[in-house]
1. Taking B:Glu142 in one copy and the same position in all the others, each labelled 7 Å out along Cα→Cβ, what are the pairwise distances from the first, in nm, shortest first?
2. Measuring label to label, 7 Å along Cα→Cβ, what does B:Val222 give against each other copy in nm, shortest first?
3. Amide H of A:Lys130: which non-local residues (sequence gap of 5 or more, or other chain) have their own amide H closer than 5 Å, using H built in the peptide plane?
4. Using Cβ counts within 10 Å as a stand-in for footprinting exposure, how do B:Thr302, A:Thr19, A:Thr342, B:Thr33 rank, fewest first?
5. Would you kindly state how much longer the chain becomes between A:Thr331 and A:Cys241 on full extension, computed as 0.36 nm times their sequence separation minus their alpha carbon distance, in nm to one decimal?
6. What's the exposure ranking of A:Thr45, A:Thr251, going from fewest to most Cβ atoms within 10 Å?
7. Karplus couplings for segment A:327-333 from phi (6.51 cos²θ - 1.76 cosθ + 1.60, θ = phi - 60°), rounded to Hz, Gly and Pro as x?
8. Please list, in chain and number order, the residues 5+ apart from A:Leu281 or on another chain whose amide H is under 5 Å from its amide H, with Hs placed from the backbone.
Number of protein chains: 2
Amino acid sequence: MNVRPKVARDPKVTDDGVTIHDVARAANVSIATVSRVLNGNPPVTGKTRERVLEAIQELAYVPHGGARSLIKRETRTIGVLLPDMHGEFFSEVIRGLDQVTRQHHYSLIVACTHGEAESAEAMLRAMHGKVDGLVVLSSDLEMHAALSNLLRRIPVVFLNHVQGPGGDEFDSISVDNHGGALAMTQYLLGIGHERIAFVKGPDGNSDAEARLQGYREAMGKVPHLEVAGDFSESGGYRAACKVLQMEPRPTAIFAGNDAMAIGILCALRERGVRVPEDISLAGFDDIPMIRYLSPSLSSIRTPIPELGAGAAERLLMRIESGEAIRPMQQTLEVLLVARASTAPPAAPSRAAGSEKTEPRAKPATPDNGAKPSAPPLPTHTKPRRK
Amino acid sequence: MNVRPKVARDPKVTDDGVTIHDVARAANVSIATVSRVLNGNPPVTGKTRERVLEAIQELAYVPHGGARSLIKRETRTIGVLLPDMHGEFFSEVIRGLDQVTRQHHYSLIVACTHGEAESAEAMLRAMHGKVDGLVVLSSDLEMHAALSNLLRRIPVVFLNHVQGPGGDEFDSISVDNHGGALAMTQYLLGIGHERIAFVKGPDGNSDAEARLQGYREAMGKVPHLEVAGDFSESGGYRAACKVLQMEPRPTAIFAGNDAMAIGILCALRERGVRVPEDISLAGFDDIPMIRYLSPSLSSIRTPIPELGAGAAERLLMRIESGEAIRPMQQTLEVLLVARASTAPPAAPSRAAGSEKTEPRAKPATPDNGAKPSAPPLPTHTKPRRK
DNA sequence: GACGAAAATGAAAACGTTTACATTTTTGGT
DNA sequence: ACCAAAAATGTAAACGTTTTCATTTTCGTC
């Protein structure tokens, strides 16, 4: 029965060809028994267990995960769909995901959609039968719509809040984009700025949308100064050029994310515009590197690894406790971090305060920027939630 | 036969329960036929193909990847084993991997070992039967030894060169650590430094080892000043403290990687040591963010995404063309990028050269350090005396 | 129209596991 | 020792595909 060419080799060498049958034969038992010792299932005698273990060792047998998944109907793998792999944002998300999935002995299979809905769909199809659940960051509403059809029967957690049409809702977890943008804008207003330009994110991006709304809400009747952007460094650079042409010139720029803020900073520097003396600059995300810029950048700290970790936790819960619970949207708190790039406007357009005017939020601290792991941390201010 | 509870649902809704059998039944054909149209295999009539396609559409059937892998004996997935997920290095590697694997319609399953050999081993075992090949960055020699036993029969490419004992060699691809360190050290010597401290990487790390050798080779008879480090920011910080206590004080610090250079920069800044006036500072890797530091950091540019891409290419080649070829080690060229953090020592200890002395290694390119994708860049300084 | 070849389809085995169930062995009470 | 019950082990079906091989259908040719 089941004759397959066997090679007698150095036992330490894993030969992919060895199956549970080979082990069974070597130990003189049935495959069922081998399976039982493998899974620690009850009825198995010490003596035979020994024999089996020995055979496993001898043959350097490693169970075939694929076959196991098939019959157990669980892959212990979760799929991650991201727009791309640029910048620190995504690696931090993955880190958070990894942190909790590894505890539960799950693996991660990651794929980048590059913003194309059709490749996203292809990846989703390819993942069927290879994952127990999905974590998805859909880059825009369009894609979200395309995907949601495929995602009905498999547990999924989105990394941003999107309302499907007709209230078909999924689990989602996101940072408080609206509250963060609100807080930052209020902070800028508070230290005396009036003409605050906002550099938007890409159309259809739900995070970008929420940030814009936060800005608008805070600005109220004060004239809005909105410039198009795309969350990329180069987009920020271009946006800065537009801002500088505005008449009268804004005294502060609030970038929809840090990457754009970096581009903006470059543009300003090139043109000899000083930050924060001539223009204040703020970002959003607080990616680790911005504290090392000069001037260090004020931003909204988003708990990115926690975002990933939270998503993983929710997903695993849903997977493991048969999906009875109804979907919920969770929002993570953010933190306003004032650094050197924001200061009261040079020539107060309003007699609001002296040069030493303190922001309503705590003052920017001279920040000697260290990563969490090590030294001194900047002081933060909590944003007021709406 | 094969009675399974069927639900009549919105056809657009993917029901994980639908199998090829359901499609076959709906189209009034055998599962073999369905399989054939699915895979575009020759003998199938236009009319029945239609029927089958219709049924597939109707039931929103998606083939089960796991089952397919099992019988085809290919998973179209490759595994990636990394030490951790901190910093830009790893996401860039993954980006490179993704770029080429996606073209070949392969997926990526990533796992972090966190430097623990036993969890690395567990992950490898879990991957058996779920991947067609592996890309591994083994954090140290010890781990490498532990893993190599498991990796005999499955194609694998290492992201660093390690000599197994007894010449058991694997495919590997790496950047030219030795050459880069050599060049940077020579460059520092060339602009007049004599006391150049080197901050080492973790013991047992092969990249760190090679960089150290490069430094040593360049220094020749000049006294070596080596300080322990661990490739982390905080490690750099601590190393800087030690360096500052050296007597006489070094005029330049060459950090084994950029992360440590950042930590060093913080430490120097805190203590009021000016860079490059008091001490020159150089890193290794040229991760994107260092060009934004002030002063912008001189470093060795390593083609990180290309590293990933190259690994993927080699691996896929090996997978697809039955592994006849013998393992080879590939080394990617690096580039010295001189920026503002390095300059000739303030008080030349030797009348070695004029102010304009060029390094023996290729001259630093005036680098406007563009990210591949784009745009705006800060202006960089060519190393020269102020 | 019948015949054979070619084309299309179907039946069943296979991939490497787990597990329900059947069977054998052990055990303990008498 | 013997018998039933309990414990250990074995048999075979199942997971959802692909593919070989056998079978049926189609078609052109005489």
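1. With the label placed 7 Å along Cα→Cβ, B:Glu142 yields 5.2 nm.
2. Inter-copy label distances (nm, one decimal, shortest first): 5.5.
3. Those lying under 5 Å, H to H, from A:Lys130 are B:Gly65, B:Gly66.
4. Details: B:Thr302 25, A:Thr19 18, A:Thr342 28, B:Thr33 22.
By the 10 Å Cβ count, ascending, the order reads A:Thr19, B:Thr33, B:Thr302, A:Thr342.
5. Working: separation 90, 0.36 × 90 = 32.40 nm, distance 3.40 nm.
Roughly 29.0 nm would be gained on extension.
6. Numbers: A:Thr45 10, A:Thr251 23.
Fewest-to-most Cβ neighbours within 10 Å comes out as A:Thr45, A:Thr251.
7. Karplus values, whole Hz, x for Gly and Pro: x, 9, 9, 10, 10, 8, 5.
8. A:Ile253, A:Thr342, A:Ala343
None of the figures in this text is laboratory data; all of them are computed from the coordinates on show. Just so it is clear, the structure is predicted and the values come from calculations on it, not from any experiment. Cβ: placed from backbone, ideal geometry, glycine included. Neighbour counts: every protein chain shown.
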